[in-house]
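Readers should treat all values here as calculations from the given coordinates under stated rules, not as data from a laboratory. Small disclaimer: the values here were computed from a predicted structure and weren't measured. Positions of Cβ are backbone-derived with ideal geometry, glycine not excepted, and every protein chain shown enters the neighbour counts.
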Amino acid sequence: MLIQRKCNGQGKAIGAISFVSAESGRHYTQIDLTMAEELASRAALAIENAHLYSEAQNAIKIRDDFISIASHELRTPITSLKMYTQILQKQVARMGAESIGRSLAKMDAQLNKLTALIGDLLNISKIESGQLPFQEEMFDLNEVVKETVEQAQLSTIKHTIEVEGRIPLHVWGDKERIGQVMTNLLNNAVKYSPYANKVVVHLQSEEDVAAVSIQDFGIGIDKEQLSKIFERFYRVSDPEEKTYPGLGIGLYLSNEIIKRHGGNLTVASEKGRGSIFRFTSPYQRRTQP
Ligand code: ADP
């Protein structure tokens, strides 16, 4: 008996099962035939699913390899663009041409955004395979907040980014990765509040964690979307949101990074009123990275 399944209307044999009766002298009945056909059909379905699964896994691998190669290739010219921008900034500072200096600072801020975006892309495939490098250390979260706020401030003239509060202890984790989370949340806060003029970062110490909230007064997020925005590649798709550029990976990646630290990333938002993204960072090691 052939195992066969219809695929796009065309039956394609993918194997065979033989039923043999020997010494017993027993003959197969119609009921046996029906059962054998059912068995063959189920076996064929299982084999077909296994094929589809393996094809899907291959497609994911090809995608991840492509992202990884593309990110590396994109990084090289950006590094050299950044270097030339800095050389120009020094020359312009010597000449005293302030307005050109301001334009160059904006250019540098945009290059930083591009670098962060490429970093996110590269990390996304690594995180899936559990290969995201993780440096453990105790560090000053206030410093990370200060540096990332300064960078984000360079990318906007409309908003003032205020920092309130201070974290009294060093936190545990990967400083670079937490910086990446801050950059993503700050860039979003600026990007999704085009008519507001400030973003507020609140720092708070709780029992065994430091808590950082990034509050904007922008477009906000619909209730139904709140649980979805942390999904990979998810973007809110109403007509207004389509005008904001993005890939839908920043929050996914940030959430994964915070989870790996044993913290959590949450959001409170109201459409048209703004959003508060809040993450916690433990004072002591909580997870096996
Ligand atoms: P991206 O911003 O590149 O689209 P993210 O993963 O950072 O991707 O965010 C996912 C979605 O969540 C965004 O497309 C946007 O709709 C929504 N979002 C994120 N941050 C904010 C914010 N501060 N205000 C309003 N919407 C936001």
Item to check | Ratio of the Cα radius of gyration of the range 172-230 to 2.2 N^0.38 Å, where N counts its residues | outcome: 1.28
Checklist outcome for this item: Per the charge dipole of the chain (beta-carbon charges, Lys/Arg positive, Asp/Glu negative, Cα centre), the residue among Thr280, Pro239, Leu169 reaching farthest to the positive end is Pro239
Checklist outcome for this item: Links exceeding 31 Å between C-alpha atoms in this model, out of Lys175/Lys198; Lys61/Lys146; Lys82/Lys271; Lys82/Lys175, come to Lys61/Lys146; Lys82/Lys271
Next on the checklist: Once you place label points 7 Å from the Cα toward the Cβ at Leu169 and Thr34, how far apart are they in nm?
Outcome noted: 7.0 nm
Checklist entry - Given a cut-off of under 8 Å on Cα pairs at least six residues apart, what relative contact order in percent is computed for the range 90-226? => result 21 percent
Item to check | Helix-derived mean residue ellipticity, 222 nm - over the chain, DSSP H n ≥ 4, -39500 (n - 2.57), to 500 | outcome: -17000 deg cm²/dmol
Item to check | Rounded to the nearest 20 debye, dipole of the range 165-220 from Cβ charges on Lys, Arg, Asp, Glu | outcome: 300 debye
Next on the checklist: If you average the C-alpha positions of the range 116-143 and of the range 219-237 separately, how far apart do those two centres end up, in angstrom?
Outcome noted: 22 Å
Next on the checklist: Using a 7 Å offset from the Cα along the Cα-to-Cβ direction at both Gln284 and Ala50, what is the distance between the two label points in nm, to one decimal?
Outcome noted: 4.9 nm
Checklist outcome for this item: Across His72, His51, His170, the residue with the highest GNM fluctuation in the chain (Cα network, 10 Å cutoff) is His51
Next on the checklist: Using a Cα-Cα cut-off of under 20 Å, which aspartates and glutamates could be cross-linked to Lys12, ignoring same-chain neighbours fewer than 8 residues away?
Outcome noted: Glu37, Glu38, Glu48, Glu55
Item to check | the range 75-150 - convex hull of alpha carbons, volume per residue in Å³ | outcome: 122 Å³
Next on the checklist: Could you work out how much longer the chain between Glu240 and Lys271 gets when fully extended? Use 0.36 nm per residue separation minus the Cα distance between them, nm to one decimal.
Outcome noted: 10.0 nm
Checklist entry - What percent do you get for the relative contact order of the range 1-143 when only Cα pairs under 8 Å and 6+ apart count? => result 18 percent
Item to check | For Val92, net neighbour charge (Lys/Arg +1, Asp/Glu -1) across residues whose Cβ lies under 14 Å away | outcome: +2
Checklist entry - Can you work out ³J(HN,Hα) from phi for every residue in the range 140-149, in order, using Karplus 6.51 cos²θ - 1.76 cosθ + 1.60 and θ = phi - 60°, giving whole Hz and x for Gly and Pro? => result 8, 5, 4, 5, 4, 4, 4, 4, 6, 5
Item to check | Mean Cα-pair separation over length for the chain, i.e. relative contact order, pairs under 8 Å, 6 or more apart, % | outcome: 13 percent
Next on the checklist: Could you derive backbone 3J(HN,Hα) for the range 105-122 from the dihedral phi with the Karplus parameters 6.51, -1.76 and 1.60 (θ = phi - 60°), listing whole Hz in sequence and x where the residue is Gly or Pro?
Outcome noted: 5, 5, 4, 5, 5, 5, 5, 5, 4, 5, 4, 5, 5, 5, x, 4, 4, 5
Checklist entry - If you average 1/r over all unlike Cα pairs in the chain and invert the result, what Kirkwood radius do you get in angstrom? => result 22.9 Å
Next on the checklist: Using the Karplus curve 6.51 cos²θ - 1.76 cosθ + 1.60 with θ = phi - 60°, what ³J(HN,Hα) values do you get for each residue of the range 158-167, in whole Hz, with x for Gly and Pro?
Outcome noted: 6, 9, 9, 9, 9, 10, 10, x, 8, 9
